[in-house]
C-alpha cells in the first residue's frame, strides 16, 4: 500500500501552548470521508532515556511521583532535550542531573514514538557504560529516589508490570535482547 496521507485538514487552531508542548485541534475529513476533529500534541523536545550499566550488570532506576498518573513510578533516568541540539548531550546532562553519574561509553539503542496516535514525541534511548559516580543535581520540580539494582531485577520488574514507563520498558527489554545476543 502506498504511503499517502488519507486525512484532509480543513482548519487548525492552537488550543494550548507552553515551553514544552503545543496542542492543536484540527477540523478534518477522515480517511472514510467523514468530518471530525483530531487533537495533536506537539512536543518541543526529544524524550531522552538512559540505561546505565556497570561491569557487573547493575543498573540504576529513578523513582518519582508522576503527576499525570497520580502514582509513583520507577524508571530509567529520563528527561528532555532540545530538538535543535545533539540528543547525546541531553543524555549526558540527564544522567548526571538525576544520578550524579557520567559515562565513558554511550550507545544509542532505540528510537521510538511514545504515543503516535496523538503526539509526535520522539524518544531516543542510550546505554551508558564506564560509569563514573558523582553527585546528583535534580531539578527543583523533581523529588527523586535513585536505586541501584542488578539488571536482572529491573528486567523482572518489567515482566511483573512494576515498571510501566514506556521508555524504561523498551530500554530494559532491548538491553536484555542485546545481552542474549552477546551485543553488550
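Taken together, the values in this text are just the output of simple stated rules run on the coordinates, not laboratory data. These numbers were taken from a predicted model, which means no experiment stands behind them. For neighbour counting, all protein chains shown are included, and Cβ atoms are generated from backbone atoms with ideal geometry for every residue, glycine included.
Here are some notes:
- Alpha carbon centroid spacing (whole Å) that separates region 109-184 from region 23-82: 13
- The orientation-averaged projection of the convex hull spanning the C-alpha atoms of region 90-184 amounts to 7.3 square nanometres.
- Label-point separation in nm, residue 86 to residue 41, each point 7 Å along Cα→Cβ: 3.0
- Percentage relative contact order, the chain, counting C-alpha pairs under 8 Å, at least six apart: 21
- Of the peptides 47-58, 105-116, 13-24, the ranking by mean beta-carbon count within 10 Å, highest at the top, reads 47-58, 105-116, 13-24.
- Taking each DSSP H run with n ≥ 4 as -39500 (n - 2.57) and averaging over every residue of the chain yields -6500 deg cm²/dmol at 222 nm.
- For the chain, the normalised intensity computed at q = 0.18, 0.19 Å⁻¹ comes to -1.18, -1.27 (log10 of I(q)/I(0), Debye sum over alpha carbons, equal scatterers, no solvent).
- Extension gain for residue 55-residue 132 works out to 26.5 nm (0.36 nm per residue, less the C-alpha to C-alpha distance).
- Computed packing ranks the peptides 164-170, 175-181 as 164-170, 175-181, most packed first, by mean other Cβ atoms within 10 Å.
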